[in-house]
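Beneath this line is the structure, given in structure tokens, with notes to follow.
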Amino acid sequence: MAQGVCVITEFREGAFRRVSFEIASEGRRLADELGEPLLALALGESIDALAADLGNYGVEKVYVVDDPNLKNYRAETYVPVAAEVLNNLDPKVILTPASVDGKDFSARLAARLGAGLATDCTELKVEGGSLKAKRPMYAGKAFAWYEWADGAWPQMASCRPNVMDCLAPDTSKKAEVEGAGVEVVAGTQTQVVNIEKDAGGKLDLTEAEVIVSGGRGMKGPENFAMLEELAKLLGAAVGASRSAVDSGWRPHSDQVGQTGKVVTPNLYIACGISGAIQHLAGMSSSKYIVAVNKDPEAPIFSKADYGVVEDLFQFMPALIEEVKTLKSTC
């Protein structure tokens, strides 16, 4: 009989990614409403020592698969292992990150388990002892609620990063850790040859709490220097619209939008970005949106919480100086 809520964590470069704690926190809330225990499945290399820390976010028991073949995500290695563990656990609800790797992983895993999957969810709730999931559709122009048929277990959802509220960690709580007892078979069809990181250890857009983005209105790559300066003051990441990337002003890794990265920071500052639907699809779930554009009819203002109709080359230097003044008095 299906029981329990199970979250599947994401472990990279020796640490759990923030989205793991977000889905653990959401899993805790759902488990309490369902009256079920909260479990976690942790896959990775050298993960044993850190698995108990998931208890800080409400996880009661962690099933660990620690193996060198799990150092980097590869579907052919990860999916069979996770499917075997989950078939043994038989949980009611499975939550996964809707990260770049997580989107690929969750779809393949759902197919293996024969589970109904709601992807890239922004809200979850329990009604009548069953899960309901909200997710964006049509490039963010509409939202839909999904529900599962009665008795259709497991109910599976992937959660958009930076959307679910993360509990304040309770370091006094540790999760019980148990080896999952499954064999890891190294895949032979693909291999990770090399991982190229952005120079300078830039903050990952998908995990940033503040993002300063520039578009065609920046007029050239040299003008992104002021966005970099503001981002440094705010502890933010720098993003860009597709037009700025296509013009060669910023690398593709900085692109926000339907064909770039979907981001959900607490604060998104859009500078010289008109607001094409493809860009809005990538950032419209931000908690607060500030738009700076000299065109009062720019579509970005329809999504902005705060709009500044001004020449950004006049406004941004003044904003930077004001931030510097405020920081110097703190």
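Values computed for the structure shown
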quantity: Radius, Kirkwood style, for the stretch 5-179 when every pair of distinct Cα atoms is counted (Å); calculated: 15.9
quantity: Kirkwood-based Rg to Rh ratio, the stretch 1-71, C-alpha trace; calculated: 0.98
quantity: Longest to shortest principal axis, alpha-carbon extents of the stretch 139-207, angstrom; calculated: 44, 41, 40
quantity: Most mobile listed residue (170, 150, 295) in the chain, GNM with C-alpha springs under 10 Å; calculated: 150
quantity: Folded to 0 to 90 degrees: helix 312-329 orientation relative to the chain principal axis, Cα; calculated: 70
quantity: Square roots of 5 times each gyration tensor eigenvalue, C-alpha, the stretch 191-330, largest first, Å; calculated: 23, 19, 14
quantity: Likely footprinting exposure, 277, 211, fewest C-beta neighbours within 10 Å first; calculated: 277, 211
quantity: Long-range HN-HN contacts of residue 155 with modeled amide H, under 5 Å; calculated: 93, 94
quantity: Mean separation of Cα contacts under 8 Å, 6 or more apart, over the residue count of the stretch 122-217: relative contact order %; calculated: 18
quantity: Radius of gyration and maximum dimension Dmax of the chain, Cα, Å; calculated: 21.2, 64
quantity: Angle between the chain longest axis and helix 100-113 axis [Cα atoms, degrees, rounded to 10]; calculated: 30
quantity: Mean-position separation - Cα centroids, the stretch 136-205 and the stretch 63-84, in angstrom; calculated: 13
quantity: Length-normalised contact order of the stretch 5-179 in % [C-alpha pairs under 8 Å, at least 6 apart]; calculated: 29
quantity: Relative contact order (percent, whole number), the chain, Cα cutoff 8 Å, 6+ residue spacing; calculated: 14
quantity: Loop-located GluC sites (Glu not before Pro) in the stretch 165-255 whose Cβ has at most 10 other Cβ within 10 Å (DSSP); calculated: 183, 196
quantity: Between 0 and 90°, nearest 10: helix 75-89 axis offset from the chain longest Cα axis; calculated: 50
quantity: Within a Gaussian network of the chain (alpha carbon springs, distance under 10 Å), most fluctuating of 137, 156, 218; calculated: 137
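FYI, it's all coordinate maths here, none of it is from the lab. Note that the coordinates shown come from a computational prediction; the quantities given were computed from them, not determined experimentally. Here the Cβ is made from the backbone with ideal geometry for all residues, glycine too, and neighbour counts use every protein chain on show.
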